[in-house]
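Read-outs throughout are calculated quantities, based only on the coordinates presented, and are distinct from any laboratory measurement. What you see is a predicted model, and the numbers here were worked out from it, not measured in a lab. Cβ placement follows ideal geometry from the backbone for every residue including glycine, while neighbour counts extend to all protein chains displayed.
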Amino acid sequence: MKKIITTVLLAFNLFSYSQTEYKIIFLETSVDEFDVIGSDEYEKHNRTTQDITEKLLTEARSSAKSEPIDGDVFDAKNMIDGNMKTCWLSTESPKNDFVEIIIDLEENVAVNSAQLLNLYFVNGWRKNMQSWKDYSRIKKAYISINEMPYCEVTIEDTYKFQSMELDKFKVEKSKRYRFRIKILEVYKGAKYPNVAISDLQIIGKVK
């Protein structure tokens, strides 16, 4: 994978969650240069290596979504289904719209804890190349964890898989974790202002 963007930001210490402690975090997004839009079979079952999203029984929510278009619906759960042809689609005024992925291990008998290593995502609606061009994509996003600031990240304008390192973040049964991604800036689509996210995948290890 090729490292392409570095963003310097101010964020609270993830491990202490202290409002008086903070550190400078250097985050990088990287792009899988070998990822290509493929057949329906490939696109509808496209999960990366070490994806633990399903094992964590992850939930997905959003502040708002687009109305259905030609039979396609845009629920937040589309972001975690491993299907590149479905997506979450924002309203026509996407700035400050947000999506959340929620991890709560309390009722998950199969997992005692997890170490999160990366967040993989596909920016835009990867239904086909035309849809990817027509609808807007995220350019810059603000990410918080349990309402605490984590980072501001700039995202590459590509249909390929991208990843963001999560600094070996540990998830325990005693706490519920909510990762919120709020849209700050967008790459404008050729036709529509709505912003799409085709997929979010959590990369890590479970115990």
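Taking amide H positions as modeled 1.01 Å from N, with prolines and chain starts lacking one, the residues under 5 Å from Phe169 and 5 or more places away or on another chain are Leu116. The overall shape of the chain is prolate: from the C-alpha gyration tensor, with semi-axes ordered a ≥ b ≥ c, the ratio a/c is 1.5 or greater and a/b exceeds b/c. Proximity of backbone amide H atoms, modeled 1.01 Å from N, is registered between Ser113 and Lys207 at under 5 Å, excluding neighbours fewer than 5 places apart on the same chain.
Here the Karplus relation 6.51 cos²θ - 1.76 cosθ + 1.60, evaluated at θ = phi - 60°, turns the backbone of region 189-204 into coupling constants of x, 5, 10, 10, x, 4, 9, 10, 10, 7, 7, 10, 9, 9, 9, x Hz, with x for every Gly and Pro.
Restricting the chymotrypsin sites (Phe, Trp or Tyr not before Pro) of region 143-207 to loop positions (DSSP other than H, G, I, E, B) with no more than 14 neighbouring Cβ atoms within 10 Å leaves nothing.
Residues Met164, Met79, Met84, Met148, ranked from the fewest to the most other C-beta atoms within 10 Å, line up as Met148, Met164, Met84, Met79.
Report the local net charge at Asp72: Lys and Arg +1, Asp and Glu -1, summed over other residues whose C-beta lies under 11 Å from its C-beta. Walk me through the numbers before you get to the answer.
Values: positive: Lys85, Lys127; negative: Glu67, Asp70, Asp75.
Summing Lys and Arg as +1 and Asp and Glu as -1 gives -1.
Cross-link check: pairs Lys65/Lys139; Lys160/Lys182; Lys65/Lys207; Lys140/Lys207; Lys85/Lys175 evaluated at a Cα-Cα cut-off of 29 Å; pairs beyond the cut-off: Lys65/Lys207; Lys140/Lys207; Lys85/Lys175. Applying 1/(1 + (r/R0)^6) with R0 = 35 Å to the Cβ-Cβ distance of Leu184 and Lys207 gives a FRET efficiency near 0.50.
Close amide H partners of Glu156, meaning residues 5 or more places away or on another chain with modelled amide H under 5 Å apart, do not exist here.
The distance linking region 129-198 with region 65-108 is 11 Å (Cα centroid to Cα centroid, whole angstrom). Straight distance only, please: which aspartates and glutamates reach the Cα of Lys205 with their own Cα at less than 15 Å, same-chain residues fewer than 8 apart left out? Lys205 reaches Asp51, Glu54, Glu165, Asp167, Glu172.
The Cβ shell under 11 Å around Gln115 holds other residues with a net charge of +2, Lys and Arg each +1, Asp and Glu each -1.
Counting pairs of alpha carbon atoms under 8 Å apart in space and at least six apart in sequence, what relative contact order in percent does region 2-206 give? Mind dumping the intermediate values first?
Working: 533 pairs, mean separation 61.2, N = 205.
Reported as a whole number, the value is 30 percent.
Shown in residue order for region 102-116 are the 3J(HN,Hα) couplings computed by the Karplus curve 6.51 cos²θ - 1.76 cosθ + 1.60 at θ = phi - 60°: 10, 10, 9, 8, 4, 9, 8, 6, 7, 10, 8, 7, 8, 10, 8 Hz (x for Gly and Pro).
Taking the number of other C-beta atoms within 10 Å as the exposure measure, put Ile143, Ile202 in order starting with the fewest.
On the way: Ile143 20, Ile202 26.
Listing Ile143, Ile202 from fewest to most nearby Cβ atoms yields Ile143, Ile202.
At full extension, Ser39 and Lys133 could sit 32.0 nm farther apart than now, given 0.36 nm per residue minus the alpha carbon distance. Across region 172-183, coupling constants 3J(HN,Hα) worked out from phi with the 6.51/-1.76/1.60 Karplus curve, θ = phi - 60°, read 10, 5, 7, 9, 9, 10, 10, 8, 10, 10, 9, 6 Hz, and Gly and Pro carry x.
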